[in-house]
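Notes for the one structure printed next.
The values are calculated or read from the model by the stated rules, or taken from the named source; none is laboratory data. Since the model is a prediction, treat every value here as computed from it, not as a measurement. FYI the Cβ positions are ideal-geometry reconstructions off the backbone, even for glycines, and counts take in every protein chain you see.
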Amino acid sequence: MVRSADTKIDGGNKDRRREKRYPIPLELCWKLIEHRKTQAEGTGRTIDLSSGGLLIEADRPLPFGMNIEIAVFWPAVFSGNVAMQLKVTGQIVRSSGTLAAISRKHYEFSAMRPQR
């Protein structure tokens, strides 16, 4: 199920967020973190992004309140051949089925490590 960028995932009420959301579907990997240890990991895709967070569709339901690290495979390259990723750390603030809203705590762009 695809949700529009102007509805909440918990009932379809009109969105009242301050930050503009951009519907950009990108592949990602996620890790649930508790006490600085990875508790679970998986894949998914972004539904939309904003300066305050992102809405993702994960490969399985994600628990409300957990800390999460996300690596989004960015569509641009650096210096013509270095793949980039957007790394986001945050907290799951809403969850419904496989959709999860993430409040961003920190983000950075970085070069992706080559696959071995």
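Pairs meeting the criteria (first residue in the range 17-39 and without any contact (Cβ under 8 Å) to a residue 24 or more places away in the chain, second residue of a type in the set (S, T, N, Q), beta carbons under 8 Å, at least 6 apart or on different chains) are Pro25/Thr46. Would it be correct to say that Ser51 is under 18 Å from Val93 (Cβ atoms) and at pLDDT below 95? Here the answer is yes, as Ser51 does meet what is asked.
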